[in-house]
Amino acid sequence: RLHLGVMKQRTYAMIKPEVVEKMGEIFKIIISNGFKIAKLKMAQLTKEHARELYAEHEGKPFLPFLLEYITSGPVIAMELIADNGIKKWRELMGPTDCEVARKDAPGSIRARFGKDKSFNAVHGSDSMESELNIFFPENRIDQYKSPRSTAT
Ligand code: RTP
Ligand code: MG
């Protein structure tokens, strides 16, 4: 198949426990910014899964708190698809620290829904990595065929 212009790219995105009740507003923002929500799942992470999700932060001082926080309630995991999706989602999230986000990226999700540099509403992958596989392992229940699933 011939691709012209920017390639569609999938990315792992997650609504963190403290803002799950704001999911409706956050979905609206995601969709109106041109993302397709290709997969969606609400679930509570185990400590083991959280450690896997944040493997890059092994040994950092904030990791124990982060693991408590992210396993404190259900999260909403999504596979998002858009042109340049990884970078585009990180831009829509805004800076890690929500105080910084309110100054530098006032329209971002973290500026609008987050609290500080820990409780920051949403997560985004910074590469393809294996984050999608943690929530969406390949199995028959997760497989479907629809116009949306071919939007890669
Ligand atoms: P994320 O991984 O959640 O998309 O966020 P990020 O790339 O912007 O930030 P990252 O550096 O990967 O940190 C992962 C998450 O750990 C918490 N954190 N707390 N207290 C602190 O200094 C601190 N630093 C990071 C945040 O919840 C951050 O999103
Ligand atoms: Mg990160």
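No value in this document is a laboratory result; all are computed from the given coordinates. Predicted model, so just to flag it, every value in this text is computed and none were measured. Every residue, glycine among them, receives a Cβ derived from its backbone with ideal geometry; neighbour counts consider all protein chains shown.
Can you find, among 92, 74, 31, the residue farthest towards the positive end of the dipole of the stretch 1-114? Put +1 on the C-beta of Lys and Arg, -1 on that of Asp and Glu.
Going by the Cα projections, it comes out as 31.
Multiply the residue gap between residue 48 and residue 115 by 0.36 nm, knock off their C-alpha separation, and tell me the result in nm, one decimal place.
Values: separation 67, 0.36 × 67 = 24.12 nm, distance 2.58 nm.
Length difference between fully extended and current span is 21.5 nm.
Per-residue HN-Hα couplings for the stretch 76-93, Karplus 6.51 cos²θ - 1.76 cosθ + 1.60 at θ = phi - 60°, whole Hz, x for Gly and Pro?
Each residue of the stretch 76-93 in turn: 10, 9, 9, 9, 9, 10, 7, 4, 6, x, 4, 5, 4, 5, 5, 5, 5, 5 Hz.
Give or take rounding to whole Å, what are the principal axis extents of the alpha carbon atoms in the chain, in descending order?
The principal-axis extents, from largest down, are 46, 36, 28 Å.
Quick check: convex hull over the Cα atoms of the stretch 42-84, volume per residue in Å³, rounded to an integer?
88 Å³
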